[in-house]
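Notes for the one structure printed next.
The values are calculated or read from the model by the stated rules, or taken from the named source; none is laboratory data. All values reported here derive from a predicted model rather than from experimental measurement. Reconstructed Cβ throughout: ideal geometry from the backbone, glycine too, with neighbour counts over all protein chains shown. The area values use the complete protein model at the heavy-atom level, side chains included, leaving out ligands, DNA and RNA. Shrake-Rupley method; radii C 1.70, N 1.55, O 1.52, S 1.80 Å.
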Amino acid sequence: MGLIALVISSSLGSGVFGITSDLARAAAPGPAIIAWIIVGIGFLALVLSLNNLAAKRPDLDGGIFGYAEETFGKLGGFISGWGHWLSCWLGNVAFATIMMSAIGNFLPVFEGGQNIPSILMGTVFIWALTLLVNNGMESASFVNTIITICKLVPLLLFLIITAVSFKAGVFTSSFWGNVSTNLIQNPVNTATIFEQIKGCLMVMMWVFVGIEGASILANRAEKRSDAQQATIIGLIGLLTIYILASLLPYGVLTQDELASVSQPAMANILRMIVGNWGAALINIGLIISVLGSWLSWTMLPAETAFLMARDGILPKRWGKTNINNSPTYSLFFSATLTNLFLLTFLITDYAYEFAYSLATAAILICYLLVAIYQIKYSYEQKDNKQLFIGVVATAFQLIGITLAGFSYVLMCSIAYLPGFYFFIKACKENNRIINNLEKFTMVVISMAAVLTVGLIATGFIQV
């Protein structure tokens, strides 16, 4: 039960509360349904790949980065693990932004979620959750299960109310996008079905980030099969919630009305249906939901760093645990970076979008490396069924990386520069010589990072 809650809570964060208006700005109901089918197949292929590899290679218990290491060596494992670690704490920055914005609906001093009071309160949350996890991963998992149950209540209420208010005529009035005003910047032209599908794919992929949660913590489960079952059940549960939450409102309000709803969209839609009490309930649910995901994503980067240190691709101190078996150094290092990144609230109006876009780009690289190993291993085992699953997962992740925008992938390369310092230090600690291919790879990524800095400085990449 705890692992299922972790899978759902890790992905079920702030995105579900705003997904309706995000999708309405990109697509009509018909293209959105097609996009959900594509995303559902893509993430099902990823989950099946994770389960297959977990069952057939139980010796690779290093989470998702263990598969990259098996395929591309120590540096490949580091690139995957560092990307996952990066994605998680950047995701926490996004959570801090949206959570303080939701609290601002009740306490005006936090209105907007990007002022000095929000930074100070966000700091309190960062360190409170860090201390909770530091006091024991298992106890934090129990709290996470309770939070998951609590935050599902307002979501279910929203689904029931929108289902009762659903009108088929409203849903089908612009099924394939007869209205173009809110689909593209130029209202003279109508977005094609392909453009609409493309427009909502990244929104959908962001809400699934964290689906690998059970795999990362599988070594803490009583049986590895528990983690495999949790990922499947969690995926089905998430798909059901996301599809209903994003499509049912199309039958309550027109696409134009949905596209113009301010965030959090779910709260404001319910306000239009039942009044202010509905919006207040959803905002409370949003705060609880983000808190749950924030807790999960505090555990995940610490566990990833712990496993990387155990496998010798991060310095040993990253893997040291306290009396509660929690990786204290990893926890506090991640919390410090998250706290520092909160200062971006003062210099940009797009801290939330920037943080989650970077987080998504980073994690998609990790997912891609898992899918590639699925192909490699299945080919070696002559398992055509699993080979096909790996091909589907790989193709889907490549599409996702492309749609995420290469600018975000390039910006992720900057974060690998300090990471290479720790990787080199870990190699020295373990008396391991870095080979020429690894040196070449680090040079290429470093050059990409330098190029990116130049592109940002000259304005070609907007931060």
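If you take the residues in the range 247-272 that are open to solvent by 50 Å² or more (accessible area, probe 1.4 Å) and assigned to a helix (DSSP H, G or I), which one is farthest from Gly177 (Cα to Cα)?
If we take residues in the range 247-272 being open to solvent by 50 Å² or more (accessible area, probe 1.4 Å) and assigned to a helix (DSSP H, G or I), then Arg271 is farthest from Gly177 (Cα to Cα).
Residues of the range 313-342 that are open to solvent by 60 Å² or more (accessible area, probe 1.4 Å) and among the aromatic types (Phe, Trp, Tyr): Tyr329, Phe332. Checked against the criteria, Leu239 counts as under 17 Å from the mean Cα position of the chain (by Cα), of a type outside the set (Lys, Arg) and modelled with pLDDT of 85 or more. So, in the range 282-293, how many residues would count as being under 15 Å from the mean Cα position of the chain (by Cα) and surrounded by fewer than 24 Cβ atoms within 10 Å (Cβ to Cβ)? So the count comes out to 1.
For the range 69-100, which positions are within 19 Å of the chain's Cα centre (by Cα) and of a type in the set (Gly, Ala, Ser)? Correct list: Ser80, Gly81, Gly83, Ser87, Gly91, Ala94, Ala96. Considering only the range 53-69, I want to know if a residue exists there that is open to solvent by 40 Å² or more (accessible area, probe 1.4 Å), among the charged types (D, E, K, R), without any contact (Cβ under 8 Å) to a residue 24 or more places away in the chain and farther than 30 Å from Ala371 by Cβ. Checking the range 53-69: not a single residue is open to solvent by 40 Å² or more (accessible area, probe 1.4 Å), among the charged types (D, E, K, R), without any contact (Cβ under 8 Å) to a residue 24 or more places away in the chain and farther than 30 Å from Ala371 by Cβ.
For the range 64-99, a residue qualifies if it is over 22 Å from Leu331 (Cα atoms) and aromatic (Phe, Trp, Tyr), and the qualifying residues are Tyr67, Phe72.
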